[in-house]
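Engineer: My questions all concern the structure below.
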Amino acid sequence: LGIYAVTLFVVGLALIPHISVLITSLADKWFMTPMPESYHLGYYAQIFQDADTMGGIKNSIFYSTLSTFVDIILGALIAYVIVRKLVPLYNLLDSLVMVPLALPGIVIAFGYVVTYSGTFLDPVNNPTVLLVVAYAIRRLPYMVRSAAAGLQQTSESLEEASATFGASRFYTLRKIVVPLVTANLIAGSLLCFAYAMLDVSDSLILAMTQRFYPMTKVIYAIFDKPGDGPYLASALGVISIIILAGCIIGASLILGKKMGELFRS
């Protein structure tokens, strides 16, 4: 009971900001009172009518989809090389793939700005390429771990049988290995997509022109908008929470495992 009490207390403290964002997004009349006097869904409807917020959502979907596609291709190939030990020092490759988890996103974003400023990839002109690369690199570990967990549960004898009949390694990978780990790839792609959609550090720094703003940069920008800015930002924030929760639950359901078991072999 003591463990439950402490855990619920800590989780409750952590959820207070999320609850306040939800209440703010639903508030209709709220002035000098502890709680809103009335509630409505008007700000959610306004999000889908406002050009700035809809532009941010569309941009985020576009960037995240491209980065997730990159993660699927690279993550599956890297996981296959690591699990099947096809290269020397495969453990080093595994460690290198995990490096983005240790690097703060703000450091990576500033590095891109400094490195590519004044070139054709200058984020001042168009940050699309750098945003996609940043999103993909920072979420690649999720895909590699998810794909590796699936490959470790797949018998190599199936690949050996395919090679015995003259199939190339790429053909075997495409026709046998990938179908067997499809569930892991889908689960990993959902996580990559969700966390890319809600990326903050790279989005705030690399997106410098309004028409390229992703969703998180739009939330930051409209929060200071006079009048309904905080309410619109809160509504968009709740939509972000729903997207993340939906992808995590979807990944769990696809594999039939709890979230903590997704990357276990």
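Engineer: Is it the case that some residue within region 88-95 is open to solvent by 30 Å² or more (accessible area, probe 1.4 Å) and among the acidic types (Asp, Glu)?
Structural biologist: For region 88-95, residues open to solvent by 30 Å² or more (accessible area, probe 1.4 Å) and among the acidic types (Asp, Glu): present.
Engineer: I've got another one for you. With respect to ILE108, is the statement that it is among the hydrophobic types (A, V, I, L, M, F, W, C) and closer than 23 Å to MET215 by Cβ true?
Structural biologist: Spelling it out, ILE108 is indeed among the hydrophobic types (A, V, I, L, M, F, W, C) and closer than 23 Å to MET215 by Cβ.
Engineer: Tell me which residues, restricted to region 199-212, are part of a loop (DSSP other than H, G, I, E, B), open to solvent by less than 40 Å² (accessible area, probe 1.4 Å) and not charged (D, E, K, R).
Structural biologist: Once the filter is applied, which keeps residues that are part of a loop (DSSP other than H, G, I, E, B), open to solvent by less than 40 Å² (accessible area, probe 1.4 Å) and not charged (D, E, K, R), region 199-212 yields only ALA207.
Engineer: What pairs can you find where one residue is in region 1-17 and closer than 25 Å to ILE241 by Cβ and free of Cβ contacts under 8 Å to residues at least 12 places away in the same chain, the other is aliphatic (A, V, I, L, M) and in a helix (DSSP H, G or I), and their Cβ atoms are less than 7 Å apart, with a gap of 6+ or different chains?
Structural biologist: Within 7 Å, no pair qualifies.
Engineer: Could you check LEU66 against (1) open to solvent by 80 Å² or more (accessible area, probe 1.4 Å); (2) of a type in the set (A, V, I, L, M, F, W, C); (3) in contact (Cβ under 8 Å) with a residue 12 or more places away in the chain and say which number it fails?
Structural biologist: (1)
Engineer: Please determine, by comparing only the residues of region 112-148 that are surrounded by 13 or more Cβ atoms within 10 Å (Cβ to Cβ) and of a type in the set (Gly, Ala, Ser), which one is nearest to VAL200 (Cα to Cα).
Structural biologist: ALA134
Engineer: In addition: Scan region 19-50 for residues that are open to solvent by 70 Å² or more (accessible area, probe 1.4 Å) and within 19 Å of VAL218 (Cβ to Cβ) and jot them down.
Structural biologist: Within region 19-50, LEU22, PHE48, GLN49 qualify.
Engineer: Applying the selection to region 114-132, what residues are in contact (Cβ under 8 Å) with a residue 12 or more places away in the chain and either within 19 Å of ALA196 (Cα to Cα) or in contact with a Cys (Cβ under 6 Å, 6 or more places away or on another chain) (or both)?
Structural biologist: Residues satisfying the conditions are PRO123, ASN126, PRO127, THR128, LEU130, LEU131, VAL132.
The values are calculated or read from the model by the stated rules, or taken from the named source; none is laboratory data. Owing to the predicted nature of the structure, the values given are computational and were not obtained by experimental measurement. A quick note on method: Cβ atoms are made from the backbone with ideal geometry, for glycine too, and the neighbour counts reach across all protein chains shown. Each accessible area value is taken on the protein alone, full model and side chains, heavy atoms only, with ligands, DNA and RNA left out. Shrake-Rupley method; radii C 1.70, N 1.55, O 1.52, S 1.80 Å.
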